[in-house]
Amino acid sequence: MSFRMLQIFRVVFVGVLCLVGTSIILSGCTAPCTYPDQRGVKIRIVNAMPDMPVITVFINGKVCVQDFPYNLPLTFGYITQYHDGTPLVASDSTLVVVTSDASGKDTVARGRISINFNRQTLVVMGRGHIKSPQPETSLLARLDDEAEQKDPNKTLIRFLHAIPDLPALDIYYSGDATGKPDTTIQYGVVNRHFVRDKVQGITVTESGNPKNVIFSFPHSFIFPNGFFITIIIRGEVKPIGMDFTVSPLILSDEAIGNSILELKTFEVRLVNATRDTQSLWIRSTTVAPENVLNPRGSNLGVANYPNQERMLNLPPKMTSEVIPLNMGLNYSTTFWFAKNNNISDTSLSFIDMAQNDGRYSKIAVEENLFNSGTTKPPSHLSLADTMSYPVGDFGRVRVINLSPDHQSVTITIGGKNATLNFKEVQFFDVPMGSQMIQIKDGSATGSQAFTVLRARPMSIYILPETSATPTFPIATSQD
């Protein structure tokens, strides 16, 4: 080889090295350089949209995951490839488009995030389909899973609030909502990992309103030293249609990135439809077997599952707020209706089963006619709450005849007539806005106004009489 040719070869070779070096710098590699075959992009995806059973995620125009479920698959963890098997690419401005369908036509969320070579989690949250007058809540949150170092002697926990109903949540570690909350988290904002020595339980409430308990997990967590976790609180407090109820998700932020627990809830509304002059004390107790609490075989220790109790002092003719109860895969719930808070005078108790994400009304029903002198104990109704809504400018209204004084009534609502026997339930699609229900039993009539909201099913309870003259008292609740 001539000296001239050797010089040309050296120039070309050095130029190639420069180009390679430039390429490495643009890809975000810093000394000591780790090449893509040694450290590629790793990302987890969490579907936290309560109205999306599955989502498809496009990253820079390519399908990353297709029909990814809300309930996490057993294979959940970090992925390194697109759906077609090609490797994921890092970028400071990565376009993410989320659709409800695999064809990519129904966009439910979109935005730009930074994807780097740290392990990371992409959480898709909020409602995909807005029902007016709901605000826009869809949001993409990127969690850097290597932003902090593990502490071998402590447990590091961080929270992500992904419930679109509420702007902020308070977290308590004492097992109940007393005293000052341990932390307050804003919707869509990721708080950094912080150290906890011991957790007696986790109770989540609406921020500033400790009586509105969103979720209660009455367990003592037994964390091994060096545990590194993220808790995503997702679902909805006031679901519409078949939306998911509150469902906290506990993820390991270790290298595998598996899920530890996927906690489920069901919701109960309690109704005192008796005319007892005393307030009715209602206790609900849920029992679940221990072996369903750790289905993925993680190293998170959980104490034996205790009875999960809620006590309410519910006056006559009153409906409670929705009560969220957490559950395992198999459990039973017992309800007691009594006249004092120690349940010594139990007038009614019954055991019910329910399902994940279910919503139910448990109603104590009066069985005695007004001033009849009889003392029959109350009976009960267990109803699946209305979870759907009609198309157009209508609301769905459920009417329940809970009055033993009117074994059969004729009602007029939204221009429609119907006859309801005692304990019978019927549904009506009624135009939104101010409406009137008219009730008739023979010559006795009554009427009352109510308001129908968009995309919010409601119930109207026809209650027992409290006077000799029929007044057809009613109560209402948003379902």
Open item on the list: Taking the conditions exactly as written (β-branched (Val, Ile, Thr) and at pLDDT 95 or above), does Val425 satisfy them or not?
Closed with: yes
- [ ] Could you tell me which residue of region 198-242 is nearest to Leu169 (Cα to Cα), considering only residues that are assigned to a loop (DSSP other than H, G, I, E, B) and at pLDDT 85 or above?
- [x] Ser207
Open item on the list: Please go through region 456-472 and give me each residue that is touching a residue at least 60 places away in the same chain (Cβ under 8 Å) and over 27 Å from Met387 (Cβ atoms), ordered by number.
Closed with: Pro464, Glu465, Thr466, Ser467, Ala468, Pro470, Phe472
- [ ] Could you check Thr75 against (1) at pLDDT below 95; (2) open to solvent by less than 60 Å² (accessible area, probe 1.4 Å); (3) within 19 Å of Val124 (Cβ to Cβ) and say which number it fails?
- [x] (2)
Open item on the list: Could you check region 423-448 and list, in sequence order, the residues that are aromatic (Phe, Trp, Tyr) and open to solvent by less than 40 Å² (accessible area, probe 1.4 Å)?
Closed with: Phe428
Open item on the list: I need the full set of residues from region 449-479 which are farther than 12 Å from Ile439 by Cβ, touching an Asp or Glu at 6+ places or on another chain (Cβ under 7 Å) and open to solvent by 10 Å² or more (accessible area, probe 1.4 Å), in order please.
Closed with: Asp479
TODO: Kindly provide the set of residues from region 398-426 that are in contact with a Pro (Cβ under 9 Å, 6 or more places away or on another chain), under 15 Å from Thr476 (Cα atoms) and not polar (S, T, N, Q), ordered by number.
DONE: Arg398, Leu402
Task: Residue ID - farthest from Asp276 (Cα to Cα), chosen from residues in region 428-479 that are among the basic types (Lys, Arg) and within 27 Å of the chain's Cα centre (by Cα) - done: Arg454
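Filter region 244-264 for residues that are farther than 18 Å from Ile79 by Cβ, open to solvent by 10 Å² or more (accessible area, probe 1.4 Å) and assigned to a loop (DSSP other than H, G, I, E, B) and give the result. Walk me through how you get there before you give the answer.
Restricting attention to region 244-264, the residues satisfying the condition of being farther than 18 Å from Ile79 by Cβ are 244-248, 250, 260-264.
Filter again for open to solvent by 10 Å² or more (accessible area, probe 1.4 Å), leaving 244, 262-264.
Residues satisfying the conditions are Phe244, Leu263.
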- [ ] Output the number of the condition that Gly392 fails; it satisfies all remaining conditions of (1) touching a residue at least 12 places away in the same chain (Cβ under 8 Å); (2) in a loop (DSSP other than H, G, I, E, B); (3) within 32 Å of the chain's Cα centre (by Cα).
- [x] (1)
Open item on the list: Residues that are in contact with a Lys or Arg (Cβ under 8 Å, 6 or more places away or on another chain) and touching a residue at least 24 places away in the same chain (Cβ under 8 Å), at least 1 per element: which strands (runs of 3 or more DSSP E) completely within region 47-142 meet that?
Closed with: 91-99, 107-115, 120-125
Task: Tally of residues being at pLDDT 95 or above and open to solvent by 10 Å² or more (accessible area, probe 1.4 Å) across region 407-416 - done: 4
Open item on the list: I need the full set of residues from region 127-157 which are under 24 Å from Asp92 (Cα atoms) and of a type outside the set (S, T, N, Q), in order please.
Closed with: Leu139, Leu140, Ala141, Arg142, Leu143, Asp144, Asp145, Glu146, Ala147, Glu148
Task: Subset tally (residues that are modelled with pLDDT under 85, open to solvent by 60 Å² or more (accessible area, probe 1.4 Å) and part of a strand (DSSP E or B)) for region 145-197 - done: 2
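The values are calculated or read from the model by the stated rules, or taken from the named source; none is laboratory data. What you see is a predicted model; the values in this text were computed from it and never measured. All Cβ positions, even for glycine, are placed from backbone atoms using ideal geometry, and neighbour counts span all protein chains on display. Just the protein is used for accessible areas: all its heavy atoms, side chains included, with ligands, DNA and RNA removed. Shrake-Rupley method; radii C 1.70, N 1.55, O 1.52, S 1.80 Å.
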